[in-house]
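> This is the structure, below, for whatever I ask next.
The values are calculated or read from the model by the stated rules, or taken from the named source; none is laboratory data. Since the structure is predicted, the reported quantities are computational estimates derived from the model, not experimental observations. Here the Cβ positions follow ideal geometry from the backbone for every residue, glycine too, while neighbour counts run over all protein chains shown.
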Amino acid sequence: MSQAAASESGQKTWLVGRLAAERARREAVRKYTLGEALRNPKIWMMTIAYFSVEIVPFGLVFFMLLIVKGLGVSTTQVGIVSAVSYLFTFVAMLFWGWHSDRTGERTWHVVGACVVCAGGLAACVVIGVSHPIVTMVALTFAAIGLECALPLFWSLPSAILTGAAAAGGIALINSAGGLGGWFGPTLFGLVKDATGSDNIGLLSLAAGPVVCAILLVLAGHDRRLERIPPRS
C-alpha cells in the first residue's frame, strides 16, 4: 500500500471513530426513536422556528435588488451594491461559526443572529429611503444575522437526533423550511401590493427571526450534547 493510500485509510478510520464517539456520547444523554422524535415538542418547536426564519432569505434576496434600486442606486450599480453586503456577510459567518465552535455554545449564537437579522430589517423601516447609505448598512446587518443563523441552526437538531430519528426529524424540519422559503416572498409581495410600501413588507419578514429566537429559547439545549470527545 502506498503512503498516500495508507494516509487516506488512516484518515477514514479516524473520521469513522470520531463520528461513532460523538454519536455514543449524545445517545448516552438521550436516544430517540423515530416515533419519539416526531412526537417531541422540542423538535416541533425547531420545525416552526426554522419555518419562521426561512421566510426571510428568499424574500430578502428576491426583493433586495428592488429595495436597493429604490434607494436611488443606478441600474448598473444595483448588483455591485448588493454584493458588497454579502462580502461583509461572508466574513461575519466565518467568525460567528468559529466562535460558536470554540465556546461550544449553540442556542444563543443562533438567537443572537436572529435578533441581528430582525433588528437590521426593522432599522430599514425607521431609517427610510432618505439615508440610503445607512439603510444599506442596516440591510447588511440583516443579511449577516440571517446567514449566521441558518448554518448554526442545524447544530441543534443534529446534536439531539441520531440514526433514523435524525433522518426523520431533520427531514421534517427541512420540509418546513422549504415552505417558509415559499411563504416569505409571497408574504412580502402581498403586503407590498396591499400597502404600496416596502417598509411594512420588511417588518412582516422581520417577525420571522423573532419567532425563531423565542421558540429556540423555549426549546432549550443540553450543553452536554456539545462535549466533543478529544482527538485520539
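> Mind checking whether some residue in region 178-188 is among the aromatic types (Phe, Trp, Tyr) and buried (at least 20 other Cβ atoms within 10 Å of the Cβ)?
Yes.
> Restricting to region 167-176, name every residue that is among the small types (Gly, Ala, Ser) and in contact (Cβ under 8 Å) with a residue 60 or more places away in the chain.
The answer is ALA167, GLY168, GLY169, ALA176.
> Could you tell me whether region 102-114 includes any residue that is in the same structural domain as ASP193 (by TED's automatic domain parsing), modelled with pLDDT of 95 or more and closer than 18 Å to GLY201 by Cα?
Yes, there is a match, as at least one residue in region 102-114 is in the same structural domain as ASP193 (by TED's automatic domain parsing), modelled with pLDDT of 95 or more and closer than 18 Å to GLY201 by Cα.
> Residues being in contact (Cβ under 8 Å) with a residue 60 or more places away in the chain and surrounded by fewer than 21 Cβ atoms within 10 Å (Cβ to Cβ): count how many of those fall in region 120-135.
4
> Does region 75-112 hold any residues that are small (Gly, Ala, Ser) and free of Cβ contacts under 8 Å to residues at least 40 places away in the same chain, and which are they?
Answer for region 75-112, where residues must be small (Gly, Ala, Ser) and free of Cβ contacts under 8 Å to residues at least 40 places away in the same chain: GLY79, SER82, ALA83, GLY112.
> Residue under question is ALA206, and the condition is that it be modelled with pLDDT under 85, surrounded by 12 or more Cβ atoms within 10 Å (Cβ to Cβ) and not β-branched (Val, Ile, Thr); does it hold?
The answer is no for ALA206.
> Keeping to region 124-145, report how many residues are in a helix (DSSP H, G or I), small (Gly, Ala, Ser) and at pLDDT below 90.
The qualifying residues number 1.
Condition check ((1) assigned by TED's automatic domain parsing to the domain that holds LEU152; (2) part of a loop (DSSP other than H, G, I, E, B); (3) under 15 Å from the mean Cα position of the chain (by Cα)) across all residues:
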{"site": "LEU38", "(1), (2), (3)": "yes, no, no"}
{"site": "ILE43", "(1), (2), (3)": "yes, no, no"}
{"site": "MET46", "(1), (2), (3)": "yes, no, yes"}
{"site": "SER52", "(1), (2), (3)": "yes, no, yes"}
{"site": "PRO57", "(1), (2), (3)": "yes, no, yes"}
{"site": "LEU60", "(1), (2), (3)": "yes, no, yes"}
{"site": "LEU66", "(1), (2), (3)": "yes, no, no"}
{"site": "LYS69", "(1), (2), (3)": "yes, no, no"}
{"site": "VAL73", "(1), (2), (3)": "yes, yes, no"}
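> For region 137-144, state whether one or more residues are among the aromatic types (Phe, Trp, Tyr) and under 29 Å from ALA37 (Cα atoms).
Taking every residue of region 137-144 in turn, none turns out to be among the aromatic types (Phe, Trp, Tyr) and under 29 Å from ALA37 (Cα atoms).
> Just checking, how many residues over region 67-101 are farther than 21 Å from PHE188 by Cβ, polar (S, T, N, Q) and at pLDDT 85 or above?
Total satisfying the criteria: 1.
> Any chance you could count how many residues in region 159-177 are over 12 Å from the mean Cα position of the chain (by Cα) and surrounded by 17 or more Cβ atoms within 10 Å (Cβ to Cβ)?
Selection size over region 159-177: 12.
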